[in-house]
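FYI, it's all coordinate maths here, none of it is from the lab. What you see is a predicted model, and the numbers here were worked out from it, not measured in a lab. Cβ: placed from backbone, ideal geometry, glycine included. Neighbour counts: every protein chain shown.
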Amino acid sequence: MSDPILEPVRFIDERTASAPLLKKALRYAFPDHWSFLLGEVALYCFILLILTGIYLTFFFDPSTAHTVYHGPYTELDGRTMSAAYKSVLDISFTYKAGLLIRQTHHWAADMFLAAIVIHLLRVFFTGAFRKPRELTWIVGLTLLFVSLLEGYLGYSLVDDLLSGMGLAIGYGVGLSIPIIGGPLMLLLFGAPFPGTPSFWPRMYIAHVLLIPLLLATLIGIHLALVAARHHTQFKESPRHTEKRLIGVPMFPGQAPRSLALMFGTWGVLFLMGGLFQINPIWQWGPFEPYLATNGAQPDWYLGWLIGALRLMPSFDVTVSHFTLIPNPFWGGALFPLVVIGILMAYPWLERKLTGDYRFHNLADRPRDAPNRTAFGVAFVFWVFAIFGFGAADRILVLWNIGYNTQLYIFRVGIWAFPAILFVLVRKLCRELQAAERIERAQHEAESEAEQEHAVLAGGAPPAPG
Amino acid sequence: MRRWIEALFALLLGRLFRRRTAGAQTAGGSGDGSGDGSGDGRIVPAGSPERRAENWVLALLALAVLFAAGFVVSYAEFSPERLPNELLGICIGGALLSITAALTVVARRLVVTEEIEEEYPQEHPKQQSEVAQLVHESGSRFTRKRLLLGAAGATAGALGVAALTPAVSFGPLWDTGPLDESPWRRGRRLVSVDDVPFKASDIYEETFYTAFPEGADKEFIASPLVVVRLDPSAIHLPAGRADWAPDGIVAYSKICTHAGCAIALYRKPTFPVVEPKPMLVCPCHYSTFDPATGATVVYGPAGRPLPQLPLMIDDLGYLRAAGNYSARVGPSWWNVRSDPTFVNKPT
């Protein structure tokens, strides 16, 4: 009788000699901790983005050609708009289930970046980026920043009022690159903003092919690097060591969990796409360079940049009649470059500062590395406080705190609070460590006393444990 | 259709409950039952059957099928205008979450959750030096390694540059002339977004107008203007612009000099205590410009005033440009502050 599993396995092995690899892959050990699933959530968001994105390409028209809208959304009836914007209106109103797919695509993009950022925080605060995993860290960071660009292009393509304002700001930031900004943006856009008509299909092919291909390649490298060095693990028991990994095997233990996570992520995103409105582009209307609206906010993952652009004091650095550093450069270009630079360099910086050149397979708890944790909290606060200022106009509307007042609080606060936080968090970590040391000493003293007591009483010392 | 679904559901529930009572008797004392796989030649440790868990998986998969079918049915039943997005979302989300629940039951109850140990991969010092050795030895016949490597690098660079060269056709190369184009010239009339020419008498105080050059492309970045009327006694324009604001009417480029958004807000009426003067505001980063003083920056991150367009009023009362902008339009770049030599934008 033929075995329905053995037969195909034999077929494959005879032709690829891959049975040993397959066996090894099926028994690959995953550490059993929830925080190791954050990266998987990002991966499943990416797959869903590809799937919903493919559907959207069937109906989206990447063209700025003028057209007059006549469709179910009567508020815009008779309005002249780009074919791109009209096709997204049609996806939202004319094609059945188009709105669901579009909103799910948008929510998935937001969740993709959120999962990446939370995954990054987990990796940072547990020291999982240390030798031998620095390359995984670098590839992961590249993924994050390429994904930011991908998301930005995605919502820019729609050509609604908000997306056009975002693109205008991107053009302004591009122009602000010292010396080469002007010619570079003209080359890229083909003409002064909003550019030549061919700019739109170029942006489109970047969004649907070039960058997704790059992301998929980077994800492949990222996962291959993880598998090559295996996951880190927490020291949950004396059996968890730098040399030995304890975990659940890929098959059968991890596979249904991971698949459940995939379907769960997708289920939640589709529910969100069905139940929670996101980016109702028909309310913004078509973009024209001479239009803008108050209270505009980008998708969350670009909030830190709008915050930085708004927070900068008013000056252009000029050399005689040349403008060396136009203002948007600081918040829109230098700030993200500094953030990415610090994050990329961090594993090497920490090694220099601590002199720790060893291999690390055991993950730290945040308190185990007070300096890193304190720096991390201060750094994250710095970035997210600047992010927070991006919402100052909303805070003004919600709680009536003057925009000016907020501006001065934030201009001081983004430097003062991280400094204070650094000191406080480091102290907290050290105190947690000290408390553990005292607890351990107490525990040891107690068991020692117990043993002495038992010896004095004439019995055998009790077995440890 | 609906009756069919109801019948199917009732049948399913009935079966489920019968099974459950039967299952409770047979599967008593199930537990994990994870025997050590090593003793009996097994790789994955054995465990006892869990019929109740299997029933749950079956029921949840059936639910997923129902949800998926619900998606198809609602797609088919409703017209595009009446098809509720929520229903579609609940159907497909419900199907996916039912699968999630089924897989969770599989993971927790039906497959054995083992803990295995694995050695972390080691470094390979021997192979490392062997790789280095074989590369060194392979190159032992080369006498001018640096020169050859340099030549190879230069070749790769040249080829790379050649491969990227066609991308230069995206736009003008190192020619910033298009940034100097302006559709305005002396005598050109100001028109509204609907191409209606503005008369000076159309411009009222305390309100804000967007104007374009008559007959020009409105989407061109140097086209749109903000036009406001101020009390002539309050206007203090820079030197040389004494006649740029006939009857107190001033016009500025509508494109913010910070990051290129449209100046879409006019702060008028004002709050006399702290904001006594009317101001032009960009909603993107709140750069604020004083229209009475040549649109100088009074607040926010912009580094330059808005370029001003000189105006005149013709004999019929129409507003016309009296020349070109006072400076280059749009966000700052390297050469934005040098004296503008405007090129006529072909229309």
TODO: Name the shape class, rounded, prolate or oblate, that the alpha-carbon gyration tensor gives for the range B:80-235, where a ≥ b ≥ c are the square roots of its eigenvalues, rounded holds for a/c under 1.5, and otherwise prolate holds if a/b is larger than b/c and oblate otherwise.
DONE: oblate
Task: For residues of B:250-261, the mean tally of beta carbons on other chains within 10 Å - done: 6
Task: Ordering of A:234-244, A:303-313 by packing [mean C-beta count within 10 Å, highest first] - done: A:303-313, A:234-244
- [ ] Arrange the peptides B:206-212, A:123-129 so that the one whose residues have, on average, the most other Cβ atoms within 10 Å appears first.
- [x] A:123-129, B:206-212
- [ ] Would you mind giving the mean number of other chain beta-carbons within 10 Å of the Cβ of each residue in A:270-276, as a whole number?
- [x] 6
TODO: May I have the pair-distance distribution P(r) for the protein assembly as shown, computed from all Cα-Cα distances with 10 Å bins from 0 and rounded to whole percent?
DONE: 2, 10, 16, 20, 18, 14, 10, 6, 3, 1, 0, 0, 0
- [ ] Considering only B:Pro283, B:Pro49, B:Pro172, give the residue with the highest GNM mean-square fluctuation for chain B, with springs between Cα atoms whenever their separation is below 10 Å.
- [x] B:Pro49
Open item on the list: At R0 = 25 Å, how high is the FRET efficiency between A:Ala224 and B:Val161 if r is their beta carbon distance? Nearest 0.05 is fine.
Closed with: 0.20
Open item on the list: Averaged across B:177-187, how many Cβ atoms of other chains sit within 10 Å of each residue's Cβ atom?
Closed with: 2
- [ ] Answer rounded, prolate or oblate for chain A, using the Cα gyration tensor with square roots of eigenvalues a ≥ b ≥ c: rounded when a/c is under 1.5, else prolate when a/b is larger than b/c, else oblate.
- [x] oblate
Task: Label-to-label distance, nm, for residues given as B:Thr270 and B:Asp231 (7 Å Cα→Cβ offset) - done: 1.0
Task: Distance from the range A:245-308 to the range A:1-54 (C-alpha centre basis), Å - done: 26
Open item on the list: What does the net charge come to around A:Ser92 if you take all other residues with beta carbon closer than 14 Å to its beta carbon, with K and R at +1 and D and E at -1?
Closed with: -3
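Set the bar at 19 Å for Cα to Cα. Now go through A:Lys24/A:Lys235; A:Lys131/A:Lys235; A:Lys86/B:Lys254; A:Lys131/A:Lys352 and name every pair that lies beyond it.
Exceeds cut-off: A:Lys24/A:Lys235; A:Lys86/B:Lys254.
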- [ ] Lys and Arg at +1, Asp and Glu at -1: add these up for the other residues within a Cβ distance under 14 Å of A:Ala378 and post the number.
- [x] +3
Task: Virtual spin-label span in nm between A:Leu275 and A:Asn294, 7 Å along Cα→Cβ - done: 3.4
TODO: Go through the protein assembly as shown and flag any cysteine with no other cysteine's C-beta closer than 4.7 Å, please.
DONE: A:Cys45, A:Cys429, B:Cys91
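Where Lys and Arg each count +1 and Asp and Glu each count -1, what net charge lies around A:Leu148 among other residues with Cβ under 13 Å from its Cβ?
That sum, taken over residues with Cβ under 13 Å, equals -3.
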Task: Cross-link reach list, lysines versus A:Lys23, counting only Cα pairs under 26 Å and skipping chain neighbours closer than eight places - done: A:Lys243
Task: Alpha-carbon centroids, the range A:85-144 and the range B:68-140: separation in whole Å - done: 15
Task: Förster-model FRET efficiency, 41 Å R0, A:Gln433 and A:Glu14, C-beta, rounded to 0.05 - done: 0.15
TODO: For the range A:168-221 and the range B:175-203, write down the distance between their C-alpha centroids in whole Å.
DONE: 29
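By its C-alpha gyration tensor, with a ≥ b ≥ c as the square roots of the eigenvalues, how is chain B shaped: rounded for a/c under 1.5, else prolate for a/b larger than b/c, else oblate?
oblate
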Task: Computed [θ] at 222 nm, deg cm²/dmol, chain A (DSSP H ≥ 4; -39,500 (n - 2.57); rounded to nearest 500) - done: -20500 deg cm²/dmol
